1. In segment 121-137, which residues are at pLDDT 95 or above and over 17 Å from Thr167 (Cβ atoms)?
2. So for segment 44-54 (the condition being at pLDDT below 95 and within 19 Å of Val137 (Cα to Cα)), does at least one residue qualify?
3. Inside segment 92-111, can you point out the residues that are in a helix (DSSP H, G or I) and either modelled with pLDDT under 95 or surrounded by fewer than 19 Cβ atoms within 10 Å (Cβ to Cβ) (or both)?
4. For segment 17-45, give me each residue that is assigned to a loop (DSSP other than H, G, I, E, B), within 12 Å of the chain's Cα centre (by Cα) and farther than 17 Å from Thr78 by Cβ.
5. Looking for something part of a loop (DSSP other than H, G, I, E, B) and surrounded by fewer than 20 Cβ atoms within 10 Å (Cβ to Cβ) - is there at least one such residue anywhere in segment 46-54?
6. For Thr114, are the conditions met, namely being β-branched (Val, Ile, Thr) and either buried (at least 20 other Cβ atoms within 10 Å of the Cβ) or not in a helix (DSSP H, G or I) (or both)?
7. State the number of residues belonging to segment 165-209 that are without any contact (Cβ under 8 Å) to a residue 40 or more places away in the chain and within 19 Å of Arg154 (Cα to Cα).
8. I'd like to verify a number: residues in segment 146-169 that are in contact with a Lys or Arg (Cβ under 7 Å, 6 or more places away or on another chain) and either among the polar types (S, T, N, Q) or under 24 Å from Pro47 (Cβ atoms) (or both), how many?
Amino acid sequence: MKLNVQRDEIDFGTNILKVKVPKELRNKCSTGLEYIDVTLGGQGFTPSMVTLFTGTPGAGKTTMMLIMADSLAKQGATVVFNTAEESLHQVKMVVERLGLTNGFLVGQETDTPTLLKKCDAIRNKRGRKNKPFVLIVDSLQCMEDGMYNYINSRTPERVLQQITDWTKANYTMACVIGQVTKGGQMAGTNKLKHMVDAMLHLDVERKDKDLEGCRTLEAFKNRFGGCGVTFFLAMNDRGFEEVARVSVHGL
């Protein structure tokens, strides 16, 4: 599957020192949550970035994404949380339980091309054109690509390609929740991992008795920053609280 990453028409054989990086890629988008920003390399998301966010059932994937959406809105970003798994009434009750008060935009679109068109309409509204735009999709396996009347094994790949092409063309950012199997492995083909810029995983600690039950957050891939930091987070009715962190860099 070919991704649309060729945007600047740079001639083959150009000296790398003469390649000009678009200014949009220099502007990091902090989530306002240290455990996510640091996991992503220290400064948060990079415009055009697509992140696949996986986690074991019950680890708190949706909860973490709702908290992140609210925090991003507080930082001044335009955030759309699109759920294809739950009703918006359920989402609203979770938002109330978590005490989230900054507000973000929501949707229940399952057709990916339609979702992206609706996001463009929001992006182009007066007052939003120069703001960072983040799309959160819950979840990849529940989305359709608009090409067929049924979901098959290749649908998640086509959906992710559509979202990726959209972010690269518009310097927007997307965080897509991915389901996992009963064995804890990401549902879908390994090609999904190669299509995204970053891959975050949320799990429940079971080996360390002192940290048992804590959520572990780590990056398995990050094209725009480093990996190697694992956060241990206590989960309560208001979200997550850092208990410890481990870094391969000794930070």
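1. Within segment 121-137, none qualify.
2. no
3. Lys92, Met93, Val94, Glu96, Arg97, Leu98
4. Listed by number, the list holds a single entry, Leu40.
5. no
6. Taking the combined requirement at face value, the residue does not satisfy it.
7. 5
8. 2
The values are calculated or read from the model by the stated rules, or taken from the named source; none is laboratory data. None of these values were measured; they are calculated from a predicted model. Glycine also receives a Cβ, built like all others from the backbone with ideal geometry; neighbour counts cover every protein chain displayed.
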